[in-house]
1. In this structure, does residue 323 turn out to be in a loop (DSSP other than H, G, I, E, B), more than 16 Å from the ligand (Cβ to nearest atom) and farther than 28 Å from residue 110 by Cβ?
2. Any idea which of 223, 233 is under 25 Å from residue 298 (Cα atoms) and in a helix (DSSP H, G or I)?
3. Go through the range 161-177 and count every residue that is within 14 Å of the ligand (Cβ to nearest atom) and open to solvent by 10 Å² or more (accessible area, probe 1.4 Å).
4. Scan the range 3-44 residue by residue and report those that are within 17 Å of residue 68 (Cα to Cα), open to solvent by 90 Å² or more (accessible area, probe 1.4 Å) and basic (Lys, Arg).
5. What's the number of the condition residue 137 fails, among (1) touching an Asp or Glu at 6+ places or on another chain (Cβ under 9 Å); (2) among the β-branched types (Val, Ile, Thr); (3) without any contact (Cβ under 8 Å) to a residue 24 or more places away in the chain?
6. Being of a type outside the set (Val, Ile, Thr) and within 12 Å of the ligand (Cβ to nearest atom) is the filter; apply it to the range 178-203 and report the residue that is modelled with the lowest pLDDT.
7. Looking at this structure, is residue 137 touching a helix residue (DSSP H, G or I) at 6+ places or on another chain (Cβ under 6 Å), among the hydroxyl-bearing types (Ser, Thr, Tyr) and surrounded by 11 or more Cβ atoms within 10 Å (Cβ to Cβ)?
Amino acid sequence: MNPQEFLERVRSLSGEALPALSGASSRVSLEEARVRYLGTKGAVGELSKQMGKLDKAFRPEAGKALNALREAAASAHAEALSRLSAEPEAGQAVDVTLPGRRVPLGHTHLISRTSREICSIFERMGLTVTEGPEVETDYYNFEALNFPKDHPSRDMQQTLFLEDGLLLRTHTSCVQIRTMERTRPPVWIVVPGKTYRRDDDLTHSPMFNQVEGLVVDKGITMADLKGMLAEFAREFFSRSAKIRLRPSFFPFTEPSAEVDVACVSCGGKGCRICKGTGWLEVLGCGMVDPALYSYVGYDPDEVSGFAFGIGVDRMAMLKYRLDNIGRFYSGDTRSMRQFPG
Ligand code: DAH
């Protein structure tokens, strides 16, 4: 084969292959054209075999021409493929009888839902929702709550410290001080919010949620506290829910108590959930320690009060029977999607 003949073959193959590839009207005909021209036994490959029969001096020029054809054909194929992938196959245009695609809609997270549910029970008892900052100072998180400096009670709080003397609040109790500081009694508040501790296991997350309660008024007694919490347990769990108070210690309440609810799983008989005790610890509470009043300028002879702190994550785990706090915060939303809010 002489050089002119070879170049002529390249030119005519290009005149045939490029329009066939670019103009393919379906993915099937595009694939046919690709096999015909660019496949292992395709026309471009066959022509390149002829190069051996050419004069040595002409081979570089011939190779260049053939490569240019191969590249042009490959890009014509790629363009056609992307054009055809974007449109439905002929004969398969939109089937209007198929069910529509559902647009995924979000919903309230189980923690937000539980927190709102807890708050709304207390709102019905006359408390008002109040909030405070998550980044706190030592003063509001500890000092004004009667945690002396260097006192071991601070160790319980696994605090995450920030720069410049700031910290991530370890509880919502700081809002007790912030609220009393700017209002005169009576105070009837409920405080939902995020809290942080250096804790991470099946039942603890470094970020978790609490709802704080504070009632300061004339003549408030521990009976009022117990009555409010018993009614809360009945509203939140079930009308037959029972609670008990056990003596405990918190720096900001005196006396302090831990509240247990009769096991929501076995009703008090003892099971795996309550570790055989029949009771589940659900919150801390107590009568406001008069030491707090001195920080906010309240007169302890005039008023008395109680406070409580509820772990929202724990309440949600008990109510909805979840065994791992991580389900609330995981990027895998399958558990949470079971509880549309
Ligand atoms: N702040 C406590 C904690 O996070 C919970 C708590 C206990 C809050 C007793 C209170 C209370 O208001 O009276 O562990």
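The values are calculated or read from the model by the stated rules, or taken from the named source; none is laboratory data. Please read these numbers as outputs of a predicted model, since none were measured by experiment. Here the Cβ is made from the backbone with ideal geometry for all residues, glycine too, and neighbour counts use every protein chain on show. When the accessible area is computed, the model is the full protein with side chains, heavy atoms only, and any ligands, DNA or RNA have been set aside. Shrake-Rupley method; radii C 1.70, N 1.55, O 1.52, S 1.80 Å.
1. On the way: in a loop (DSSP other than H, G, I, E, B): yes; more than 16 Å from the ligand (Cβ to nearest atom): yes; farther than 28 Å from residue 110 by Cβ: no.
No.
2. That would be 223, the only listed residue that is under 25 Å from residue 298 (Cα atoms) and in a helix (DSSP H, G or I).
3. Residues in the range 161-177 being within 14 Å of the ligand (Cβ to nearest atom) and open to solvent by 10 Å² or more (accessible area, probe 1.4 Å): 1 in total.
4. Within the range 3-44, 9, 11 meet the criteria.
5. Every condition holds for residue 137 apart from (3).
6. If we take residues in the range 178-203 being of a type outside the set (Val, Ile, Thr) and within 12 Å of the ligand (Cβ to nearest atom), then 199 is modelled with the lowest pLDDT.
7. No: the conditions fail for residue 137.
Every residue, every condition in (1) over 16 Å from residue 309 (Cβ atoms); (2) touching an Asp or Glu at 6+ places or on another chain (Cβ under 8 Å), yes or no:
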| residue | (1), (2) |
| --- | --- |
| 160 | yes, no |
| 170 | no, no |
| 186 | yes, yes |
| 191 | no, yes |
| 200 | yes, no |
| 217 | yes, no |
| 221 | yes, no |
| 229 | no, no |
| 235 | yes, no |
